[in-house]
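The values are calculated or read from the model by the stated rules, or taken from the named source; none is laboratory data. Please read these numbers as outputs of a predicted model, since none were measured by experiment. Using ideal geometry, Cβ is built from the backbone for each residue, glycine included, and neighbour counts are taken over all protein chains shown.
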Amino acid sequence: MKNNFVPFEIAKELRELGFDEPCFGYYGEANELRLERFVDKDKDLLKAPLWQQVFRWFIEKYQLNGVPYYNFVGKWDYNIQRVEAGLLSGSVTAYIAMRDTYPEIQEACINRLISIVKERKNENKDSH
């Protein structure tokens with residue numbers, strides 16, 4: 001069950017990007033995943049979202065759709081596309097990540113989504 005939640009380090013990165021959705025778990029003392037409903041009074045705790053919740057959040061908040069897929073050489077890769085007016089537009093980029101397992105590629109994809117958003121924020125900061 002715990003492998004359905006993003007790891008602590010990713011949860012920290014997501015909080016920095018503004019992730020503040022309801023979650024079924026949180027990271028407590030010693031960065032241990034607690035499978036209890038997160039309540040608003042616990043603002044100092046780190047929310048632990050589900051993987052699919054994070055993929056959906058990137059679509060809704062940043063218009064980025066990350067899609068892990070199984071490629072023609074028997075490895076896992078991912079593609080990231082912009083979502084404009086509810087439709088997929090051109091590819092931001094396709095990545096040759098070549099991971100052996102789905103958990104490895106979903107983590108790589110989320111980490112790349114985080115990097116893209118951080119790069120955009122830095123570009124916006126530099127242009128002002």
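So which residues in region 72-98 are within 22 Å of ILE59 (Cβ to Cβ), modelled with pLDDT of 75 or more and of a type outside the set (Ser, Thr, Tyr), if there are any at all? Reasoning before the result, please.
Filtering region 72-98 down to residues within 22 Å of ILE59 (Cβ to Cβ) leaves 76-95, 97.
Filter again for modelled with pLDDT of 75 or more, leaving 76-84, 97.
Passing the criteria: TRP76, ASP77, ASN79, ILE80, GLN81, ARG82, VAL83, GLU84, ALA97.
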Residue satisfying condition, being under 24 Å from LYS121 (Cα atoms), out of contact with any His (no Cβ under 7 Å at 6 or more places or on another chain) and exposed (fewer than 15 other Cβ atoms within 10 Å of the Cβ), within set ARG56, ARG37: ARG56
Candidate set from region 55-70 (those that are touching a helix residue (DSSP H, G or I) at 6+ places or on another chain (Cβ under 7 Å) and within 17 Å of ALA97 (Cβ to Cβ)); member that is modelled with the highest pLDDT: PHE58
Close pairs (6 angstrom Cβ cut-off, 6 or more residues apart or separate chains): at pLDDT 90 or above in region 37-52, of a type in the set (S, T, N, Q) anywhere: LEU50/ASN4; TRP51/GLN106
